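Asker: Once you've had a glance at the structure underneath, I'll fire off some questions.
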Amino acid sequence: MFDWGKIGKIFVENSDLIWSGIATTVILSLFGTFVGLILGIFLAYGKNIKVRDTDIFIIKILKRILKGFCVGYSVVLRGTPMMVQALIFKYGTNALGLNWEDISFPKEILNVFNGWFLAGLIVITFNTAAYMGEIVQSGLNGVDKGQIEGARSLGMSGAQTSLFVILPQAIRNALPTIGNELIVNIKDSSVLNIIAVSELFYRLKNIATTNYAFLEAYIILALIYLVLTLIASGILKLIEKKLDGQKISLNPFGRYLRARKEI
Amino acid sequence: MSETILEIKNLAKFFGKTKVLRDISLNVEKGDVIAIIGPSGSGKSTFLRCLNLLEEPTRGELIFKGETYFHIIKCKNDFVDYEAYHKALDAYEEELVRTEDNLAIYQNLKIEGKVDDSLNKKIAKAKKEFKEVRKHPVQKIDFFDSKSYEEAIKNTPKFSISNKEINKIRSKINMVFQSFNLFENKRVIDNCCLAPVKVLKMSNAEAKEIAIKELTAVNMQDRMNYYPRELSGGQKQRVAIARALCMNPEVILFDEPTSALDPEMVDEVLNVMKKLASEGRTMIVVTHEMNFAKNVANKVIFMDKGYVVESGNPKDIFENPKTDRLKQFLKMN
Ligand SMILES: Nc1ncnc2c1ncn2[C@@H]1O[C@H](COP(=O)(O)OP(=O)(O)O)[C@@H](O)[C@H]1O
Ligand SMILES: [Mg+2]
């Protein structure tokens, strides 16, 4: 069996590297999820574009192209592994004369920011966007059509209705799935080590080889991922509760107590 | 002198070939409370939805305070004297049924074996009568005969109105729904403030002040910070009414506002509506509450199969129905 003392020793001796790996993974997954969600919202609306008979010819064509792009994007990005996407992105951009190795950030904190990190950020964001598009789309479809009529009948425009009434409800309803996407990203950002993004997995893999302590390093890795995902799901639960106006409490009578207090 | 707020001229709405509304005309004066009654499926909701263009009418003209906001004039084969045509069609179909029934009665007698000379004569006469009626049928007019509906619509001169103008009309002709349609993601107070701020460009403070006033008017001031899901049906509908009032609309359309409510909550909503009526609000109310139509409305419209079958003041409609269809409808309700 292995030696717990050795695990502790490896952790302490390499703590700088490990922290920078944690920071990289956290930034990758948070940024990827958040920006991916925003791109996903556009994708969802793009996939829902309706071509009307009354549209003029050029608008019809533009709408078809846009819609086709959004549908195609989502099919391709969800139908291929992120690892393969990362490799194609790396060699594709290389072929175009872009070398991620050469990019450097003027200010370096925790040894996180470099060209590969930037490449990884792009890959995870565009990958997540495809899934978010799907999630937001089903969130939008789940909102009662009466909500639209309620808003429109007061004179609100289509954009106002989407922005203030429909989208918030769609996102709220999809929040558990969106949160799940964050947790998936925390774990799946590990595949980005294939293009030398120095995230958690990449760091621990190196630590394992240099210290010749494979089992110990990967146990540390597993524990860190577990802690990260637990923290993430805890925070998500809190956010959901907050969005429900603190009405969902563990005390089943909480709501009624609160109601009585107000009367 | 009363002021005409809404003029509806020959409003028609077809869904494909289903003719849901047929040439409805109506003038709405300021302060009118118009009740629309009729069996379900008769086009009442569609009528209301056409008025604020939630549904695009197939043809007709809509005029708000002297300004036309929707106008589609002519489809193929328009300009028929509708009343005369439908009278003739009804009379023909009635005759057809009468003479056919007559014939059947005599023929049944014959089958039962009660044959005599006079019966044979009667059968011959009934047969002749039936044939005579069938010889001069009133043709059913297909208003888009050879052309398909879409084609007919394409060739129709269309009145164009921008989305902006439609939104403006809707901000003055609000609607209260059977299913409330409160914004589920917003508290009661924000439900009331959203449209005034976004559409009327009120300041937040001003909108809030008005919202509190209107919520107090419907007696919902102590539920301002609740979410719709925390309210009963009656409370939701009162909030929905307050939400409309915050826009200070010229006309409020009510589409069966009490039909989705538990019986004990119907009155709290009807009382709010009565109050609005007494304050001189212009309202068009589709309802199954006959007492409301009888006691609150100043005009009642009975619709059936897309037609306005009868309209008039409540007294005439309820105490003196002229048509069989209305009589039958009132008996059932
Ligand atoms: N969007 C639609 N598409 C097709 N038919 C419709 C649509 N909306 C309503 N109808 C039809 O129009 C008729 C009248 O409906 P409605 O106006 O809801 O009647 P009411 O409110 O009097 O019950 C019904 O037969 C219904 O099936
Ligand atoms: Mg209806």
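The values are calculated or read from the model by the stated rules, or taken from the named source; none is laboratory data. Computed from a predicted structure; not experimentally measured. Backbone-built Cβ (ideal geometry, glycine too); neighbour counts: all protein chains shown. When the accessible area is computed, the model is the full protein with side chains, heavy atoms only, and any ligands, DNA or RNA have been set aside. Shrake-Rupley method; radii C 1.70, N 1.55, O 1.52, S 1.80 Å.
Asker: Do you know which of the residues in the range B:21-34 that are open to solvent by less than 30 Å² (accessible area, probe 1.4 Å) and under 14 Å from B:Val309 (Cα atoms) is farthest from ligand 2 (Cβ to nearest atom)?
Answerer: B:Leu26
Asker: How many residues are hydrophobic (A, V, I, L, M, F, W, C) and surrounded by 18 or more Cβ atoms within 10 Å (Cβ to Cβ) when one looks only at the range A:24-34?
Answerer: So the count comes out to 3.
Asker: Find all pairs meeting these conditions: Cβ atoms under 8 angstrom apart; at least six residues apart or on different chains; first residue within the range A:108-119 and under 10 Å from A:Val197 (Cα atoms); second residue open to solvent by less than 30 Å² (accessible area, probe 1.4 Å) and assigned to a loop (DSSP other than H, G, I, E, B).
Answerer: Taking only residues 6 or more apart or on different chains, the pairs are A:Val112/A:Ser198; A:Asn114/A:Ser198; A:Trp116/A:Val197; A:Trp116/A:Ser198; A:Phe117/A:Val197; A:Phe117/A:Ser198; A:Ala119/A:Val197.
Asker: Considering only the range B:17-56, state which residues are β-branched (Val, Ile, Thr) and within 8 Å of ligand 1 (Cβ to nearest atom).
Answerer: B:Thr18, B:Val20, B:Thr46
Asker: Please go through the range B:201-219 and give me each residue that is part of a helix (DSSP H, G or I), farther than 26 Å from B:Val269 by Cβ and not charged (D, E, K, R), ordered by number.
Answerer: B:Asn204, B:Ala205, listed by residue number.
Asker: Quick check on the range B:192-208: of everything there that is touching a residue at least 12 places away in the same chain (Cβ under 8 Å) and within 15 Å of B:Asn167 (Cα to Cα), which residue is most open to solvent (accessible area, probe 1.4 Å)?
Answerer: Checking each candidate, the answer is B:Leu200.
Asker: Would you check which residues across the range B:249-265 are more than 16 Å from ligand 1 (Cβ to nearest atom) and modelled with pLDDT of 95 or more and list them?
Answerer: The answer is B:Pro249, B:Glu250, B:Val251, B:Ile252.
Quick grid of which residues meet (1) in a helix (DSSP H, G or I); (2) more than 10 Å from chain A (Cβ to nearest Cβ); (3) open to solvent by less than 10 Å² (accessible area, probe 1.4 Å):
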site	(1), (2), (3)
B:Asn225	no, no, no
B:Val239	yes, yes, yes
B:Ala244	yes, no, yes
B:Asn248	no, yes, no
B:Phe254	no, yes, yes
B:Ala260	no, yes, no
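Asker: When A:Ala129 is evaluated against the numbered criteria (1) in contact with a Ser or Thr (Cβ under 9 Å, 6 or more places away or on another chain); (2) open to solvent by 10 Å² or more (accessible area, probe 1.4 Å), which criterion, by number, is the only one it fails?
Answerer: It is condition (2) that A:Ala129 fails.
Asker: I need every pair where a residue in the range A:203-214 that is within 13 Å of A:Ser190 (Cα to Cα) has its Cβ under 7 Å from the Cβ of a residue that is open to solvent by 60 Å² or more (accessible area, probe 1.4 Å), sequence separation at least 6 or different chains.
Answerer: A:Arg203/A:Leu17; A:Leu204/A:Tyr218
Asker: Quickly run through the range B:291-325 and pick out the residues that are within 24 Å of B:Cys50 (Cα to Cα), within 16 Å of ligand 1 (Cβ to nearest atom) and part of a helix (DSSP H, G or I).
Answerer: B:Ala293
Asker: With the structure loaded, tell me whether A:Arg52 is in contact with a helix residue (DSSP H, G or I) (Cβ under 7 Å, 6 or more places away or on another chain) and open to solvent by 40 Å² or more (accessible area, probe 1.4 Å) or whether it fails that test.
Answerer: So A:Arg52 does not fit the description; no.
Asker: Which ones in the range B:6-17 are more than 15 Å from ligand 2 (Cβ to nearest atom) and in a strand (DSSP E or B)?
Answerer: B:Leu6, B:Glu7, B:Ile8, B:Lys9, B:Asn10, B:Leu11, B:Ala12, B:Phe14
Asker: May I pose another question? For residues that are at pLDDT below 90 and crowded, with 19+ Cβ neighbours inside 10 Å, tally how many sit in the range A:1-23.
Answerer: Of the residues in the range A:1-23, 0 are at pLDDT below 90 and crowded, with 19+ Cβ neighbours inside 10 Å.
Asker: With the condition being at pLDDT below 85, I'd like the helices (runs of 4 or more DSSP H) fully within the range B:96-174 carrying at least 1 qualifying residues.
Answerer: It comes to B:117-135, B:149-154.
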